[in-house]
Amino acid sequence: MTPGVTSKHLMKKLDWYIIKKFLGTYFFTIVLILAIAIVLDYNNKMEKFSSHEAPAWEICKYYLNYIPYFANLFSPLFVFVACIFFTSKIAGDSEIIAMLASGVSFVRLLRPYLISAAMLATLTFLLNSFVIPVTSVDRIVFLNKYYKDKEVKSSTNNQFMVEPGVVVFMYKFETKKNTANRFALERYEDKKLVSRLTASRAEYKGDYHWELTQWNIRDINPDGETLQSGTKMDTVIAIGPEDIIIQKNEFEEMTTPQLSAYIDKQRARGTGNIQEFEIEYHKRFAAIATSFILTLIAVCLSSKKIRGGMGINLGIGLVLAFLYILFQTVSSTFAISGSMPVIVAVWLPNLVFLLIAIYLYKYKAPR
């Protein structure tokens with residue numbers, strides 16, 4: 001066997017060794033933290049579950065849906081902690097020193113780490129985009145029924161652009177009866193009002209059908225105005241309750257394609273309060289980059305054997321993780337308030353931590 005083949009074979013073994021260590025530590029960390037989180041969550045909600053007489057099976061089903069939600073919520077940070085944990089351990093056992101001494105460059109050593117990060121980032125994105133939105137439907141219904149009802153049941157001062165040149169106004173819409181008070185629909189041509197339909201009450205019947213009560217229509221044309229009125233009218237207006245009432249955390253129930261379509265639809269209608277939906281959409285993609293950035297930081301921090309070992313590295317890592325969450329929360333708050341563009345708010349923490357990763361790679365990583 002030639003030396004080249006032997007070297008290649010050893011590198012493959014090294015890659016698999018690091019990948020298995022990385023993934024094994026990640027899933028062990030997830031299981032450990034999930035067990036603690038479920039116990040704490042149940043202790044916090046147990047009294048409400050009991051007072052609302054939540055069935056045992058429904059509680060079990062809730063926690064089955066809770067597992068992927070919580071595991072994915074901080075997945076990039078679990079990647080970070082897992083990477084620091086096992087890298088510190090093998091560095092403390094002088095394994096990394098031996099790898100570098102055998103001629104393996106630090107850049108080459110990063111390859112299995114980045115492969116592992118790519119696998120976990122892909123898993124996170126798929127769960128976030130297609131699995132968790134489905135499980136979140138039952139989870140949120142359960143919480144509204146047996147813990148605390150956060151469902152929004154009415155909305156006031158609603159204004160929507162149904163289509164170009166057609167604007168709908170509703171003073172108050174209530175989901176209990178799917179009715180709106182003080183309803184108005186205006187049509188414009190060349191930015192001039194040409195028709196105005198008003199009704200004291202509008203009831204949604206399904207499939208974009210509305211029943212108007214005590215209605216009036218005023219048509220404006222060059223020759224003058226015409227007025228019509230009546231007691232009842234059935235009409236089709238391309239808007240439904242889901243477009244009027246935005247539920248808290250409704251974005252959690254949407255797959256990524258659905259979320260994108262919803263944002264485009266609400267933008268076209270002139271809805272202004274969709275920042276949380278835009279933040280969630282961009283976060284799902286930003287989490288992919290986060291996994292790589294935090295992995296690079298973790299390897300650079302923990303691949304050197306230092307006095308204090310794993311404890312020091314984990315301490316520094318937890319501080320950085322806390323700062324990342326804090327930075328992400330603050331920037332998201334600015335985006336929701338309109339003080340910062342959403343895409344900037346979501347990607348800014350990644351940009352800052354990328355600069356930290358580059359600094360650690362240049363000046364702190366072993367060579």
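Looking only at segment 175-195, which residues are more than 17 Å from LYS153 (Cα to Cα), buried (at least 16 other Cβ atoms within 10 Å of the Cβ) and of a type outside the set (Ser, Thr, Tyr)?
Once the filter is applied, which keeps residues that are more than 17 Å from LYS153 (Cα to Cα), buried (at least 16 other Cβ atoms within 10 Å of the Cβ) and of a type outside the set (Ser, Thr, Tyr), segment 175-195 yields PHE183, ALA184, LEU185, GLU186, ARG187.
Can you pull out every residue in segment 336-351 that is modelled with pLDDT of 90 or more and more than 20 Å from LEU301 (Cα to Cα)? Before the answer, list the steps.
Let us first name the residues in segment 336-351 that are modelled with pLDDT of 90 or more, namely 340-351.
Of everything in segment 336-351, those that are modelled with pLDDT of 90 or more and more than 20 Å from LEU301 (Cα to Cα) turn out to be MET340, PRO341, VAL342, ILE343, VAL344, ALA345, VAL346, TRP347, LEU348.
Rundown of residues vs (1) part of a helix (DSSP H, G or I); (2) touching a strand residue (DSSP E or B) at 6+ places or on another chain (Cβ under 9 Å); (3) among the basic types (Lys, Arg), yes/no style:
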position	(1), (2), (3)
LYS283	yes, no, yes
SER332	yes, no, no
SER339	no, no, no
ALA345	yes, no, no
LEU348	yes, no, no
ARG367	no, no, yes
Count of segment 135-153 residues which are free of Cβ contacts under 8 Å to residues at least 40 places away in the same chain and either within 18 Å of ASN72 (Cβ to Cβ) or assigned to a helix (DSSP H, G or I) (or both): 2
Any hit, segment 285-296, residues being under 21 Å from LEU120 (Cβ atoms), β-branched (Val, Ile, Thr) and more than 16 Å from the chain's Cα centre (by Cα): yes
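Okay, residues lined up against (1) in contact with a helix residue (DSSP H, G or I) (Cβ under 7 Å, 6 or more places away or on another chain); (2) over 30 Å from LEU126 (Cα atoms):
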| site | (1), (2) |
| --- | --- |
| ASN221 | no, yes |
| LYS232 | no, yes |
| THR235 | no, yes |
| ILE245 | no, no |
| GLU252 | yes, no |
| THR255 | yes, no |
| GLN258 | no, no |
| ILE274 | yes, no |
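Could you tell me whether any residue of segment 282-289 is touching a Ser or Thr at 6+ places or on another chain (Cβ under 9 Å), closer than 17 Å to VAL134 by Cα, in contact (Cβ under 8 Å) with a residue 24 or more places away in the chain and not assigned by TED's automatic domain parsing to the domain that holds TYR69?
Going through segment 282-289, the residues touching a Ser or Thr at 6+ places or on another chain (Cβ under 9 Å) turn out to be 283-285, 287-288.
So of that shortlist, the ones also closer than 17 Å to VAL134 by Cα come out as 284.
Now restrict to residues that are in contact (Cβ under 8 Å) with a residue 24 or more places away in the chain: 284.
When the remaining residues are screened for being not assigned by TED's automatic domain parsing to the domain that holds TYR69, the result is none.
For segment 282-289, residues touching a Ser or Thr at 6+ places or on another chain (Cβ under 9 Å), closer than 17 Å to VAL134 by Cα, in contact (Cβ under 8 Å) with a residue 24 or more places away in the chain and not assigned by TED's automatic domain parsing to the domain that holds TYR69: absent.
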Qualifying residues in segment 303-320 (those that are part of a helix (DSSP H, G or I) and in contact with a Phe, Trp or Tyr (Cβ under 8 Å, 6 or more places away or on another chain)) - the one modelled with the highest pLDDT: LEU320
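If you scan segment 84-112, which residues turn out to be in contact with an Asp or Glu (Cβ under 9 Å, 6 or more places away or on another chain) and charged (D, E, K, R)? Can you show your working first?
Pass one, segment 84-112, residues in contact with an Asp or Glu (Cβ under 9 Å, 6 or more places away or on another chain): 89, 111-112.
Of everything in segment 84-112, those that are in contact with an Asp or Glu (Cβ under 9 Å, 6 or more places away or on another chain) and charged (D, E, K, R) turn out to be LYS89, ARG111.
The values are calculated or read from the model by the stated rules, or taken from the named source; none is laboratory data. This is a predicted model, so every value here is computed, not measured. Don't worry about glycine lacking a Cβ; one is built from the backbone with ideal geometry, like all the others, and counts go over all protein chains shown.
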